[in-house]
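Working notes, structure below.
Nothing in this text is a laboratory measurement; each read-out follows from the coordinates by a stated rule. These figures come from a predicted structure and were not determined experimentally. Please note: Cβ atoms are built from the backbone with ideal geometry, for glycine as well, and neighbour counts cover all protein chains shown.
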Amino acid sequence: MDQHLLSIILLTPLAGLLVLLFIPSKSKNLIRVWANLAALAGFLVSLPLLQRFQNGVPGFQFEERANWIPTLGVHYHIGIDGISLLLVMLTTLMGCVAMLVSWSGIQDRTKEYYAMFLLLQTGMIGVFLSLDFFVFYIFWELVLVPMYFIIGIWGGPRKLYAAIKFFLYTLAGSVLMLLGILTLYFQHSQQFGFYTFEISELMKTAMPLNLQQWVFWAFFIGFAIKVPMFPFHTWLPDAHVEAPTAGSVILAAVLLKMGTYGFLRFSLPLLPKASMDQNIVRILAVLSIVGIIYGALVCLMQKDWKKLVAYSSVSHLGFCTLGIFSMNPNGIAGSVIQQVNHGISTGMLFMVIGVIYERRHTREISEYGGLAHVMPRFAIIFAIAMLSSAGLPLLNGFVGEFTILQGAFEANWAWAAFAVTGVILGAAYLLWLYQRTMLGQVTNGKNLTIPDMNFREVAMFVPLIAWAVWIGIYPKPYFDILRQPVQEIVERVRPGYFNGNQPALARNTATPAAAQAGGAR
Amino acid sequence: MIDSFYSANDHFTIIPAVMLALFGCAILIFDFVLFPDPRQRKWLLIFVVLAEGFTGFGLFRQQAFIASSGPLDGFHGTVMVDGFSVFFNWIFLVAALIVSVVSYRYLENAGEHHGEYYSLILFAQCGMYFLATGTDLVTLFVGLELMALSFYVMVGFLRSEKRSNEAAMKYLLLGAFSSGFLAYGFSVLYGIAHSTRLTEVAAAVASRGLWDPVVYLALITTSVGLLFKVAAAPFHMWAPDAYEGAPTTVTAYLSVASKAASFAFLLRLFYGQMAPFAGLREVWGPILAVVAVVTMTVGNLAAINQSNVKRLLAYSSISHAGYMLLGLVAGNERGITGIAVYVMVYTFMNLGAFLVLVALRRQKIIGDEMDDISGLMKKSPGYAVLMLIFLLSLAGIPPTAGFLGKYYIFLSLIEARQYTLAVIATLYAAVAIYYYFRIVKSMFVSELREKAPMATSFGMRVALTVSGVMTLAIGIYPEPFLRLAQTSLLR
C-alpha cells in the first residue's frame, strides 16, 4: 500500500465525487452525509503518512512515477517531503472541516456544491504532491474552476464579480507562469537533448542569470497573485467576502498556500541564481513587508467583519513570503509553519464569521457588540481563534511569526524591525475587533436572542483548536519534519551555507549580496 | 497511352474525393425518387455515412501506404498524398460526419429539410480534400472554389429567414472578391514560373531573390485571399455575419472544417519544401505576426460584449485563427505540429459548442441569444456540463484538449524566441476566459427563462458524446493524438 499511498490520498475525493454523482439531488441529507464521509475518508487515508514519514531522509518519499505523455516528456510523478507533508495534512483536514461547516449553510443545489468541493480537494492535494511541472500546472488550473463556481453560485451579493475577478487574476498569473515553465523546459531540452517536465531533471538546467531572472519573474507573477503578495492582492478581499463560509475557509487555509508552496518548491530550487539575486530578494522582501503593514493598516479601518479577516490574510501571508526570502533555515521553516498556522487560525476566524452570519445575516461589525453575554461558547472559541491569529505565545501563531522574524533578522535587521510592527498592528486590529463585537453591553436588541453554537459547530472547531495548541506548546516535531527539506532548499540556493567553518551568524547578518559572495568563495 | 492519364496510382490518390463526389450526386438523384416526404429525408444520412465510410477506408489505405512507403504523388504532381493531407482529411471527415448527423432535427425545426443539404456537405468536403491534397495552383483553386460555392449555398439555406439570406449575400460577395485576389496572385505566380505546379513555382520564386517586386505582388495578393479564408483580421468582417446568419449546423461546419481546410491551404503555400513562399519568411514573418496579434485582439475584444452566443463564438473563432497563425509565425516544426494539434482539438471543442446551440433551436425559438441559454443547468444538466467542458477547452484550461493546442503554440513561440508574442498570446487567453465565462455564468447561475425542452435527437446525443469524450480524452491522454498530429509533418 505504501507505494500507492499518495495516489490513494489524491483519488479518494475523486472517488467520493463519482459516487456522489449517482445520488439523486433531492436527497439532500444523504448527499451531505456522503460528502462528509468522503472528506473524512480523505483525511483518514492521509493519516498513515504521519506515521510512515521518515524525518531526515533526503529527497522525496512515497514516490510514484509513471510515463504519461512520452511525446512531451510528462510523467505522473508524485511524492512528498516535509513541506508538502504538512500542507497535504492541512488540506485533508481543512477539507473535512469545510464539509462540516457547509452542513446547514448550503440549502440550494447541494449536490453541485459538494461535487465542486470534492473536485477542489483533489486539485489542491494534487498541487502539493506533483513532482512534474506539467502535472502541477494541470492541478493548479483544475483548482480554479470549482472555486469559481463555489464563489459564483453560493456566494454573497457581489458573487459574480468576485468570482470572475478571482478567476481572471489567477489565470492571468498562471498563463505567464506557464511561459516560464515552457522556457525552462525548452532550455533543458537544448542542453540535454530530451524533453521532460520532471523537476529533478529541470533542476540540472544551467541558465544564464539574465534568463533565470525572466523565468523567475514569470513564476513570481503566477505565485504572487495566488499568495497574494502586495500589489496583486486586490482579488482577495472580494473573493473572501463574497465566498460562502466554507469557500473562504478553503481559500484562506489552502488555496493561498499554493502560492507560497510554489515559491518554495519551484522558484527557489529551480532558479537558485535568480532567487539569490540581490535586487530580486530586496524587491520581494520589501513587497512582503509592505504587504504586512498595509494589510494590517487596512484591517484597522474595516467595518466589515469578513473583510477584516480577509485583509489580515494579506498581512499574515506577507510574513510567510518574508520568511521565504530571508533565504535561511529559520526563515523558511518559520514560513512553512506559519502557512499551516495561518490555515488553522484564519480558517477558524472565517468559520466564526460563518457561525454568526448564519444567525444574523450581516457582517457589519457595528451591528454586533456584547455577544459574549449571549453566546459564551462562541466567545471562547472566537477568543482562541483570535489569539492564535494574533500570535499569542503558547498558541500556534507565535511560533511561526517568531521564527520568521528570527530568520528575517538574520538576513537583514531592518526587515525584522519593520515586520515586527505587523505583529503589533495584528494584535491591535484583532483585539479591537473582539472588543467591538464580543465585549461590553449588548447594544443591538436583535443580538439578544441569538442561539449559542450547537454541537456540530463546536465539533468542527475542536480539531483545529487542538492543532493550534499542539503547535503552540510543542512545535519540535514540525521543525524536525522541516529540517531536511529546508536544508536542501537553502543548500541549493546558497551552496556551502552549512559547511562553512565560520560561525553561521557572521555570514548571516550580512546582506544577501555579501552572503552570496560568501557562498561563491 | 491511357495509363499515363489515369494510372492506378492516380486513382489511389483521389479515391476518397471520388467517393464524396459520387455520393453527393447520388443524394441529389435519390432524394427525388425515394424521399418525396420531408420527414423521411433523414434516411439520406445513410448515404452520408456510406460516403464517409468509403472515404475513411480510402484514407485509411492511404495512411497505411504512406507509413510504409512515404508520400505519393499523382496526376503528374498535381496532387500529393502525404501525412499532411491524410491528417487534415480525417479532420474534414469527422467534421462533416458530426455536422450531418445533427442536422436533420435542426433543419426540420427550421422547416428547410432538403436533400441537397447533404450533398452540399459532401461537395464541400470534396473541395477540402483537394485543398489539403493539391500541389498545383489550379487544383488548389478549384478545390477552394468547390468548397466556397457549397458554403455560399449552405449559409443561405434558411430561405425564409432574412438573416440567413443576408449572411449568404455578404459571404458570397466578399468571398468572390477574395477569390479574385487569390486568382490574381496565382496568375502572377504562373507568370513567374510558367508552370502551375507548386514545386516548380517554388523553385522559380526562390531563384528570383527576396525583394523582387513581382514576387512581392504575388505574395501580397495571395496572402490577402488566404487571410480572408481563415478569417484573419483585417479580412475577418464577413465571419461574424456569416456565422450568425447561417444555420447553426452550417456555422459549425464552416467554423471548423472550412477553417481547417484554409489552414491546410495556407500551410501548403507557406511552409515546407514545395511551398512557394517558404523562402520569403523574412518578408512575411513580421507581417504575419502583426496580423496574428491584430486577429487575436479583434476577436477577443469584440467577443466581450456580444449578447448573441453564436456571434460570440464567431468572434472567438476569429481569435483562435490568430493563435493558429502564431504557429506559422514561429515557423518551427513544433509550430506546425501545433497548428495540426490546434486544428484537431478545435474541431471537437468548437463543434461541440455549436452543437449545444443547435439543440437550442426549437420549432419557434431561434435560441442563440444569451438569454436562451440561461439556467441551462436546471433544465438539462447534461448539455450544460458538456458546454462547460467545451468552453473550458476553448479557453485552454487543462485538463481539456484546448490546453494542448495552446501549449504547442506557446512552446513554439518560445523556441523561436518570440517572447513578446508569447506574452501577448497568453494574456489574451485570460481575456478569453472572461467572455467564455459569461456563457458559463448564464448557464449555471442565471435563472431559467426559456422552459421549452432542448431539441435532442439520437444523432445529437451521439455527436455530443463523441465531441465531449474526445475533448476530454485528448486533454487527459493526448499521447496517441499527438503522434497522429506529428504524422502531418511527413511530406
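Using the Cβ-Cβ distance between A:V420 and B:N305 with R0 set to 45 Å, the FRET efficiency works out to roughly 0.35.
A 26 angstrom limit on the alpha carbon distance is what I want to check against. Which of A:K165/A:K257; A:K257/A:K446; A:K165/B:K406; A:K257/B:K378 exceed it?
Details: A:K165/A:K257 19 Å; A:K257/A:K446 38 Å; A:K165/B:K406 22 Å; A:K257/B:K378 34 Å.
From the list (A:K165/A:K257; A:K257/A:K446; A:K165/B:K406; A:K257/B:K378), the Cα-Cα distance tops 26 Å for A:K257/A:K446; A:K257/B:K378.
Each 10 Å bin, from zero up to the one with the longest distance, holds this percent of the alpha carbon pairs of segment B:2-487: 4, 21, 32, 27, 12, 3, 0.
Highest mean packing first, where packing is the average number of other Cβ atoms within 10 Å per residue, the peptides A:131-139, A:151-159, A:21-29, B:255-263 line up as B:255-263, A:131-139, A:151-159, A:21-29.
Where does chain A land on Rg(C-alpha)/(2.2 N^0.38 Å)? Don't skip to the end; give the middle numbers.
Details: Rg = 22.2 Å, N = 521, 2.2 N^0.38 = 23.7 Å.
Here the answer is 0.94, to two decimals.
If the chain linking A:L211 and A:W103 were pulled fully straight, counting 0.36 nm for each residue of separation and taking away their Cα-Cα distance, it would gain 33.9 nm.
Can you sort B:S69, A:S275 so the residue with the fewest Cβ neighbours within 10 Å comes first? Write out the running numbers ahead of the final one.
Values: B:S69 8, A:S275 26.
Fewest-to-most Cβ neighbours within 10 Å comes out as B:S69, A:S275.
Computed over segment A:314-490, the alpha-carbon pair-distance distribution with 5 angstrom bins reads 2, 9, 17, 19, 16, 13, 10, 7, 5, 2, 1, 0, each value a whole percent. Averaged over the residues of peptide B:385-393, the number of Cβ atoms from other protein chains lying within 10 Å of each residue's Cβ is 1. Scoring B:55-68, A:218-231 by mean Cβ neighbours within 10 Å over their residues and listing the highest first yields A:218-231, B:55-68. Per residue, the convex hull around the alpha carbon atoms of segment B:434-491 comes to 153 Å³.
Please arrange B:R268, A:R377, A:R492 by counting, for each residue, the other beta carbons lying within 10 Å of its beta carbon, fewest first. All intermediate terms of the calculation are to be shown ahead of the outcome.
On the way: B:R268 24, A:R377 13, A:R492 16.
By the 10 Å Cβ count, ascending, the order reads A:R377, A:R492, B:R268.
If contacts are Cα pairs under 8 angstrom and at least 6 residues apart, what is the relative contact order of chain B in percent? That works out to 16 percent.
Taking Cα centre as origin and charging only the Cβ of basic (Lys, Arg, +1) and acidic (Asp, Glu, -1) residues, the dipole magnitude of segment A:314-490 rounds to 380 debye. Dimensions of segment A:49-101 from C-alpha coordinates, computed as largest minus smallest value along each principal axis and given longest first, are 44, 30, 14 Å. The residues neighbouring B:M460, those whose beta-carbon lies less than 15 Å from its own, together hold a net charge of +4 under the Lys/Arg +1, Asp/Glu -1 convention.
So what is Rg over Rh here for segment B:168-244, counting just Cα atoms and using Kirkwood for Rh? Can you show the working numbers first?
Values: Rg = 14.4 Å, Rh = 13.3 Å.
Using Cα coordinates only, the ratio equals 1.08.
On the principal axes of its alpha-carbon atoms, the protein assembly as shown has extents of 101, 69, 50 Å, going from largest to smallest. Can you tell me which lysines have their Cα less than 24 Å from the Cα of B:K170? Leave out same-chain residues fewer than eight positions away. Answer for B:K170, where 24 Å is the Cα cut-off: B:K162, B:K229, B:K259, B:K310, listed by chain and number. Within segment B:361-491, all pairs of alpha-carbon atoms sorted by distance into 10 Å bins from zero give the percentages 12, 32, 32, 17, 7, 0.
Legend: mean number of C-beta atoms from other chains within 10 angstrom of residue C-beta atoms, peptide B:422-434, equals 5.
By other beta-carbon atoms within 10 Å, ranking A:L271, A:L433 with the fewest at the front produces A:L433, A:L271.
How would you classify segment A:89-184 from its alpha-carbon gyration tensor, with a ≥ b ≥ c the square roots of the eigenvalues: rounded for a/c under 1.5, else prolate if a/b is greater than b/c, otherwise oblate? Cα axes put segment A:89-184 in the oblate bin.
Relative to the longest principal axis of the Cα atoms of chain A, the long axis of helix A:5-21 makes an angle of roughly 40 degrees. Take the Cα of A:V290, go 7 Å toward its beta carbon, and the backbone nitrogen atoms of segment A:230-253 under 12 Å from that spot belong to A:230-233.
Partner shielding of A:150-157 amounts to 1, given as the average count of beta-carbon atoms from other chains within 10 Å of each residue beta-carbon. Whole Å is fine, so just give me how far the alpha carbon centre of segment A:333-366 lies from that of segment A:399-448. Between the Cα centres of segment A:333-366 and segment A:399-448 lies a distance of 14 Å.
Can you tell me the orientation of helix A:376-390 relative to chain A, as the angle in degrees between its alpha-carbon axis and the longest Cα principal axis, to the nearest 10? That helix lies at roughly 20 degrees to the long axis.
Per-peptide packing, taken as the mean over residues of other Cβ atoms within 10 Å, places A:46-53, B:438-445, A:384-391 in the sequence A:384-391, B:438-445, A:46-53 from highest down.
Among the listed pairs A:K28/A:K226; A:K159/A:K226; A:K159/B:K364; B:K379/B:K441; A:K226/A:K273, those whose Cα-Cα separation exceeds 26 Å are A:K28/A:K226; A:K159/B:K364.
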